[in-house]
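These notes are about the structure you will find just below.
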Amino acid sequence: MRTIQIDINGQTETYILDKYATLSDCSVMQRIGGSVLLCSICVDYENPTNEDFLPLSVQYIEKMYSIGKIPQGFIKKEGKPSENEILTSRLIDRSLRPLFPKTFPYSVQVTILVMSYDGKTDVCRDALNLSSICLFLSSVPIINKQILNGVRIICNNGELKRCNSIKDIDDSSLDLFVSGIDNEVSMIEMQALKTSRNDFNHDDKDNQDSTIERANEISKEKLIEAISLARNYIHSNSSCYTTHFESFAKQKSDFKPDFNIHEMLKNTLQIQYGETIKSCLQSMSKTERHTQIQALIQEIAKEQNIELSLITRHIYEIKKDIMRSMILNDKIRADGRIPTQIRDIDIESNLLPYVHGSACFTRGQTQSLVTCTLGNQNDAQTQEGIIPQPKSKVIFHYNFPPFSVGEAFPIGASSRRELGHGNLALKAIESNIVSNPHTIRLVSEILQSNGSSSMASVCGATLAMLGAGIEMHNMVAGIAMGLIYESEDNFVVLSDIMGLEDFDGDMDFKIAGNEHGFSALQLDIKINGLSEKVLNESLSQAQEGLNHILSLMRKVEIVPNYDLLPQKESFCVPNGSIADIIGQGGKTIRNITSKFGVSIDIDKDNNIVSVTANNKDCIVNAKEYILGIIKKKEKRELPYKQDEVYQGVVKKFLDIGVFVELPQGGNGLLKGMNADSGLEVGKQIQVKIISLNNGKIDLDLVDVS
């Protein structure tokens with residue numbers, strides 16, 4: 001066992017090596033404050049894969065015992081991963097993937113268990129750093145010489161700073177997570193956070209409770225400043241971690257790729273078929289391009305009498321070189337566009353007649369049909385996890401069916417990619433939604449896909465919400481930026497990339513925002529790092545693209561479906577009447593919702609009842625019924641006061657006491673009294689009221705007349 005203790009960024013981090021999970025290729029336990037994480041890495045060296053992608057799998061798991069809780073539900077055991085676990089797994093995966101050799105053929109499993117959590121540390125950042133350290137120490141022959149790490153940057157009152165505690169985000173207008181090595185950026189996730197504050201003129205007594213909401217889009221200059229600050233921390237942390245761990249790293253495994261590109265064969269095929277491949281590339285349709293290239297591969301394999309898989313690999317490598325050369329040298333893309341050009345856009349608003357709000361956003365061969373459904377507070381999304389989260393009143397579901405890319409497969413459960421794209425679209429629009437009483441569910445159905453479907457979903461979501469009468473601070477659009485990079489002096493940034501440019505390019509930079517700045521970002525790259533020069537040009541070009549898309553979105557005539565939209569009315573009720581509205585075991589309120597077809601939300605602290613329905617008459621009838629319940633209760637409450645003395649008449653004897661008729665109507669109970677107490681029916685007595693509760697009156701005997 002070896003223990004490494006590091007003082008970094010004002011806190012002490014302890015790493016324990018070779019003690020826990022020692023049958024894995026490498027395992028490390030991390031302790032920061034009261035948080036304990038265990039990371040293990042296993043590699044299947046015995047079964048190399050023949051796939052053309054890296055067989056890496058990352059699984060981040062939060063154990064509920066880490067915060068002293070038992071999982072909810074019938075089974076009482078952690079089940080399928082939560083949304084936060086999947087998103088954190090994806091963030092770690094996207095950061096680590098560029099560190100592997102492109103031809104690494106062995107399956108790698110990275111598992112991170114959160115075994116204790118103190119509620120303070122940034123567990124997402126710590127999990128990434130631990131995974132990177134464990135990978136650095138393992139036998140996997142990663143290409144970096146320093147340790148990758150991540151940092152979260154926040155903004156409080158305009159001041160950018162490193163996030164020390166996860167609770168610091170609550171008061172921030174920015175959540176920026178950056179990972180990288182040395183001073184190079186590898187991955188970015190960013191969201192502008194909505195803030196609100198009381199803003200009033202002390203001389204204006206009528207407006208002292210007004211609250212101002214801010215969407216807080218971040219400008220390009222401020223964003224670059226924040227990323228530069230993150231670079232400084234990453235550079236410092238890389239040096240610190242590498243210094244402490246490099247002497248403990250295992251010897252790296254030698255591996256031979258299952259498949260190598262044969263340069264002689266590649267050159268021969270390039271000479272003979274280069275122009276034909278280029279012609280196939282320039283086919284306008286994604287399907288046409290794929291069909292033509294597949295037919296060409298079949299033809300070449302037959303003519304040359306060479307194995308089909310060998311020809312396939314070489315032809316696709318030539319295709320990649322031609323595509324990149326066209327862009328770098330001729331500044332022309334496969335579909336004929338120049339680097340800054342956006343594909344043709346077509347927009348339809350409220351095309352689905354019985355949906356609260358809908359929009360179909362088509363950009364080139366990418367098409368997203370987004371729907372907006374309005375619900376009540378009970379429809380808000382709840383999630384269980386180690387970090388407490390409020391109910392989410394805005395829900396975004398992104399569906400990517402196989403038919404969207406022409407594949408003959410049935411639709412299955414949502415993938416990690418679908419969840420990640422939906423979360424990114426939610427981040428893009430969330431801060432610009434004006435607070436309202438509804439729960440909003442957005443669903444993006446990707447009907448066609450040829451690049452940037454998540455950003456098409458952002459545009460469609462904005463239009464669908466406006467079609468449902470939801471007010472927004474600002475409209476939001478999205479665009480995906482690409483990159484063809486050879487050197488710092490020879491690169492081209494691409495606006496609105498299609499699938500080919502994503503697959504064979506060097507960057508996928510999804511950017512959402514408007515004229516005020518950026519609301520959400522997600523950056524993935526395939527090169528070692530992204531310089532400030534490339535970043536600056538990408539953001540400037542993206543801003544131009546967003547302005548163009550928004551200008552087209554604003555030209556669309558949007559008529560909300562007012563006849564379909566839920567109506568809501570809130571009204572105050574007297575103190576003590578909430579229990580009568582709910583009824584014993586909720587019986588009364590269930591009867592009201594069923595009888596009138598409404599949803600009812602109750603604010604017990606402020607005695608406010610909110611009734612929601614698709615029909616105004618239903619709301620009116622339900623409200624009248626509720627007020628009727630309150631009036632009946634008021635009639636039951638007789639005009640007596642506690643501690644006052646009244647002349648009463650004995651009415652009836654019971655086992656528990658004597659009923660006494662009071663002078664202004666109603667009966668009170670003399671507990672513990674009976675006929676042996678000198679009382680008889682019809683006799684007048686003086687009584688004192690000792691308790692009043694929901695029409696029930698308890699009495700005490702003062703005098704027997």
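Of the strands (runs of 3 or more DSSP E) contained entirely in the range 343-416, those carrying at least 3 residues that are of a type in the set (Gly, Ala, Ser) and either touching a residue at least 24 places away in the same chain (Cβ under 8 Å) or open to solvent by less than 30 Å² (accessible area, probe 1.4 Å) (or both) fall at 357-363.
Quick one: which residue in Glu225, Glu217, Glu221 is at pLDDT 80 or above, touching a Leu at 6+ places or on another chain (Cβ under 9 Å) and either open to solvent by 50 Å² or more (accessible area, probe 1.4 Å) or not aliphatic (A, V, I, L, M) (or both)?
Working: Glu217 fails: touching a Leu at 6+ places or on another chain (Cβ under 9 Å); Glu221 fails: touching a Leu at 6+ places or on another chain (Cβ under 9 Å).
On inspection, the qualifying residue turns out to be Glu225.
Note on the range 28-41: among residues that are of a type outside the set (A, V, I, L, M) and in contact with a helix residue (DSSP H, G or I) (Cβ under 7 Å, 6 or more places away or on another chain), the one that is nearest to Met64 (Cα to Cα) is Ser35.
If you take the residues in the range 261-296 that are among the β-branched types (Val, Ile, Thr) and assigned to a helix (DSSP H, G or I), which one is nearest to Asp52 (Cα to Cα)?
Here is the first cut: in the range 261-296, the ones among the β-branched types (Val, Ile, Thr) are 261, 268, 271, 276-277, 287, 291, 293.
With assigned to a helix (DSSP H, G or I) added as a condition, the list becomes 268, 271, 276-277, 287, 291, 293.
On the way: Thr268: 23, Ile271: 25, Thr276: 24, Ile277: 20, Thr287: 21, Thr291: 20, Ile293: 17 Å.
Per the criteria, the residue is Ile293.
Candidates in the range 322-334 are the residues that are touching a residue at least 40 places away in the same chain (Cβ under 8 Å) and not β-branched (Val, Ile, Thr); of these, the one that is surrounded by the most Cβ atoms within 10 Å (Cβ to Cβ) is Arg333. Just the residues that are of a type in the set (Val, Ile, Thr) and either in contact with a Phe, Trp or Tyr (Cβ under 6 Å, 6 or more places away or on another chain) or not in a strand (DSSP E or B) (or both), please, taken from the range 109-118. Selection gives Ile112 alone.
Answer yes or no: is there a residue in the range 66-76 that is touching a strand residue (DSSP E or B) at 6+ places or on another chain (Cβ under 6 Å) and either of a type in the set (D, E, K, R) or on the phi > 0 side of the Ramachandran plot (or both).
No, the range 66-76 contains no residue that is touching a strand residue (DSSP E or B) at 6+ places or on another chain (Cβ under 6 Å) and either of a type in the set (D, E, K, R) or on the phi > 0 side of the Ramachandran plot (or both).
Scanning the range 497-553 for residues that are assigned to a helix (DSSP H, G or I) and of a type in the set (Ser, Thr, Tyr) turns up Ser538, Ser540, Ser551.
Within the range 580-597, residues that are of a type in the set (Asp, Glu) sit with their Cβ atoms under 8 Å from residues that are open to solvent by less than 50 Å² (accessible area, probe 1.4 Å) and modelled with pLDDT of 90 or more, at 6+ positions apart or across chains, in these pairs: Asp580/Thr588.
Looking only at the range 466-492, which residues are within 27 Å of Glu532 (Cβ to Cβ) and buried (at least 23 other Cβ atoms within 10 Å of the Cβ)? I'd like the intermediate steps shown before the answer.
Keep residues of the range 466-492 that are within 27 Å of Glu532 (Cβ to Cβ), which gives 476-492.
Hits for the range 466-492 are Val476, Ala477, Gly478, Ile479, Ala480, Met481, Gly482, Leu483.
Could you check how many residues of the range 524-559 are small (Gly, Ala, Ser) and out of contact with any strand residue (DSSP E or B) (no Cβ under 8 Å at 6 or more places or on another chain)? Going through the range 524-559 one residue at a time, the tally reaches 2.
Of the strands (runs of 3 or more DSSP E) lying entirely inside the range 132-185, those containing at least 2 residues that are at pLDDT 95 or above and among the aliphatic types (A, V, I, L, M) span 149-156, 174-181.
Would you confirm, using the coordinates I've provided, whether Gly412 is out of contact with any Phe, Trp or Tyr (no Cβ under 7 Å at 6 or more places or on another chain), at pLDDT below 95, at positive phi and not hydrophobic (A, V, I, L, M, F, W, C)? Considered against the rule, which asks whether it is out of contact with any Phe, Trp or Tyr (no Cβ under 7 Å at 6 or more places or on another chain), at pLDDT below 95, at positive phi and not hydrophobic (A, V, I, L, M, F, W, C), Gly412 comes out as no. For the range 399-423, a residue qualifies if it is under 21 Å from Ile92 (Cα atoms) and not charged (D, E, K, R), and the qualifying residues are Ser414, Ser415, Leu419, Gly420, His421, Gly422, Asn423. The numbered conditions (1) of a type in the set (D, E, K, R); (2) closer than 17 Å to Asn216 by Cβ; (3) under 23 Å from the mean Cα position of the chain (by Cα) are all true for Glu515 except (3). Against the numbered list (1) buried (at least 21 other Cβ atoms within 10 Å of the Cβ); (2) modelled with pLDDT of 95 or more; (3) not polar (S, T, N, Q), Gly517 comes up short only at (1). Keeping to the range 669-682, report how many residues are open to solvent by less than 60 Å² (accessible area, probe 1.4 Å) and of a type in the set (Lys, Arg). Here the count works out to 0.
Applying the criterion of being farther than 22 Å from Gly499 by Cα and touching a Gly at 6+ places or on another chain (Cβ under 7 Å) to the residues of the range 440-465, the residue that is surrounded by the most Cβ atoms within 10 Å (Cβ to Cβ) is Ala464. Of all residues assigned to the range 499-511, none qualifies as being surrounded by 24 or more Cβ atoms within 10 Å (Cβ to Cβ), closer than 15 Å to Met553 by Cβ and touching a residue at least 40 places away in the same chain (Cβ under 8 Å). Being in a loop (DSSP other than H, G, I, E, B), touching a helix residue (DSSP H, G or I) at 6+ places or on another chain (Cβ under 9 Å) and either open to solvent by less than 10 Å² (accessible area, probe 1.4 Å) or closer than 19 Å to Thr612 by Cβ (or both): is that true of Pro437 here? Considered against the rule, which asks whether it is in a loop (DSSP other than H, G, I, E, B), touching a helix residue (DSSP H, G or I) at 6+ places or on another chain (Cβ under 9 Å) and either open to solvent by less than 10 Å² (accessible area, probe 1.4 Å) or closer than 19 Å to Thr612 by Cβ (or both), Pro437 comes out as yes. In the range 77-105, the residue that is modelled with the lowest pLDDT out of those that are of a type in the set (D, E, K, R) and more than 17 Å from Lys63 (Cβ to Cβ) is Lys102. What are the residues in the range 525-548 that are more than 24 Å from the chain's Cα centre (by Cα), open to solvent by less than 50 Å² (accessible area, probe 1.4 Å) and closer than 18 Å to Gly460 by Cβ, if any? Passing the criteria: only Gly545. Within the range 3-32, being of a type in the set (Phe, Trp, Tyr) and within 17 Å of Thr243 (Cα to Cα) holds for one residue alone: Tyr15.
The values are calculated or read from the model by the stated rules, or taken from the named source; none is laboratory data. Being a predicted model, the structure only gives us computed values, none of them experimental. Quick reminder, even Gly has a Cβ in these numbers, built from the backbone with ideal geometry, and neighbours come from all protein chains shown. Just so you know, the surface numbers come from the protein's heavy atoms only, side chains and all, with ligands and any DNA or RNA stripped out. Shrake-Rupley method; radii C 1.70, N 1.55, O 1.52, S 1.80 Å.
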